[in-house]
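Here the structure is laid out as structure tokens; the discussion comes afterwards.
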Amino acid sequence: MSKPVYIRNLRQDDLPAIVDIEDRTTGVSRKPYWQKRIEMSEAIRPHWTSLVAESDNRVVGFVFGRAGELEFGLPGTVAWIEIIGVDPAYRHCGIGAKLLEQFSSSAEDHGIQTIFTVIDKNNTDMERFFTRIGFSEGEMVHFQKTLKT
């Protein structure tokens, strides 16, 4: 992409753009969910963990993350990437990589040495993306239980 991309901290007024990106990506519009996520981001998480990417004077991508200490038996403080989204028109332009480069740099600035994320094992696009930017399969094993509804 030849147009400049700016990464900045998430703001409350980014809500419509985030809802729009998810809607155009998944076909699902979850405004109440995103309102709560943004409120949580501003209230709980270190502010550096939730970012947006801007290009052409509009939000074209976002990442929601957090920092946690001594979680899941892990030593020290780690960072987690929880959700990343890129406008479909801006995919394959380095937006996601730029968001996670800033996320990683900020984590490092805060003394964090490890970043985790979880992806669906069938999502090969996300696996390729994370591998390309330096992530590798970790040693943690997740467990799940399906509940009757």
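Annotations for the structure displayed:
- If the chain linking ASP56 and ASN9 were pulled fully straight, counting 0.36 nm for each residue of separation and taking away their Cα-Cα distance, it would gain 15.2 nm.
- Model label zone, HIS110; criterion: amide N under 15 Å from point 7 Å along Cα-to-beta-carbon; scope the range 57-71: 63-71
- Working from Cα pairs under 8 Å separated by at least six residues, relative contact order for the range 6-132 is 22 percent.
- Spatial separation of Cα centroids for the range 69-110 and the range 1-51, in angstrom: 14 Å
- Kirkwood-based shape ratio for the range 77-132, expressed as Rg/Rh from alpha carbons: 0.98
- Computed over the range 6-132, the quotient of the alpha carbon radius of gyration and 2.2 N^0.38 Å is 1.03.
- Here the calculated FRET efficiency for ALA97 and GLN144, from their Cβ-Cβ distance with R0 = 22 Å, stands at 0.15, rounded to the nearest 0.05.
- Dimensions (Å) - the range 108-149, Cα atoms, principal axes, largest first: 44, 25, 18
- Taking amide H as placed 1.01 Å from N in the peptide plane, the amide H of PHE116 sits under 5 Å from that of ALA79, TRP80, ILE81, each at least 5 places away or on another chain.
- For the pair HIS47 and PHE72, a Förster radius of 25 Å applied to the C-beta separation gives a FRET efficiency near 0.60, rounded to the nearest 0.05.
- Translational diffusion coefficient (Stokes-Einstein; Kirkwood radius from C-alpha pairs) of the range 41-102 at 20 °C, 1.002 mPa s, in µm²/s: 169 µm²/s
- Counting beta carbons within 10 Å around each of PHE129, PHE64, PHE143 and listing the fewest first gives the order PHE143, PHE129, PHE64.
- With one equal scatterer per alpha carbon and no solvent term, the Debye-computed log10 I(q)/I(0) for the range 1-64 at 0.20, 0.21, 0.28, 0.30 1/Å reads -0.77, -0.84, -1.25, -1.32.
- The count of lysine pairs in the chain whose Cα atoms are under 27 Å apart, excluding pairs fewer than 8 places apart on the same chain, comes to 8.
- Net charge of neighbours whose Cβ lies under 12 Å from the Cβ of GLY94, counting Lys and Arg as +1 and Asp and Glu as -1: +3
- Relative exposure of ARG11, ARG66, judged by other C-beta atoms within 10 Å (fewest first): ARG11, ARG66
Read-outs throughout are calculated quantities, based only on the coordinates presented, and are distinct from any laboratory measurement. Bear in mind that the values here come from a model prediction, so they are computed numbers and not experimental data. Reconstructed Cβ throughout: ideal geometry from the backbone, glycine too, with neighbour counts over all protein chains shown.
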